[in-house]
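*Asks:* Before I ask anything, let me first share the structure, which is written out below as structure tokens.
Bear in mind that the values in this text are calculations on the coordinates, not laboratory data. Since the structure is predicted, the reported quantities are computational estimates derived from the model, not experimental observations. Neighbour counts run over all protein chains shown; Cβ positions are idealised from the backbone, glycine included.
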Amino acid sequence: MSPEDVEEQLRRAGRPEAPPEHLQRAVLNLPRGSSPRISRTRVVRLGVAAALALAVLAGVSIVVTRGNPAIQPVATVQLRNAVGAGAEVRIGSPNGPNRPLELSVQHLQPGSERYYELWSYGDHPPMMLATFMTSKDGSCTIRLSIPRTADWQDLVITPRDRADQPLLCSNHGRC
């Protein structure tokens, strides 16, 4: 029997019948009188909970905003290199265990790289703060939050997975 014959027989048979309710409860281990159906509200709640748990586990969270965020910078750090690329990092006041950060990159084109990393080299050991992509012209703006304790005095942008090859630096001795 070919796969086409099997498919044709399944189509002729129609939709399978639902098993009796007592079997559904037994398989799902539900008490008598409860419904085996999951409400849409519960599915949405579980999805939101899973997304929040993933954000917490990621260590760095992207801040969802409408329009321009209200980052009132307490510091602005410039990152440069010798070939004209640059970046500006605006660091906001701490909010609980995190502080907001906005990274704006311009003209970052070190060949065919697509992903980059923002590092804090002032921390021991160095701490990766974010992984990001740029547009085709080598520019992007990302908003994220970093740990309140992260050192933002010595920031470096590197190609992804190559922390030893700085492309943009706030401390020009590193680039």
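*Asks:* Regarding residue 161, is this residue more than 22 Å from the chain's Cα centre (by Cα) and of a type outside the set (Phe, Trp, Tyr)?
*Replies:* When the stated conditions are applied, residue 161 does not pass them.
*Asks:* Within the range 136-165, track down each residue that is free of Cβ contacts under 8 Å to residues at least 60 places away in the same chain and under 14 Å from residue 87 (Cα atoms).
*Replies:* If the condition is that a residue be free of Cβ contacts under 8 Å to residues at least 60 places away in the same chain and under 14 Å from residue 87 (Cα atoms), then 137, 138, 139, 140, 141, 154, 158 are the ones that fit.
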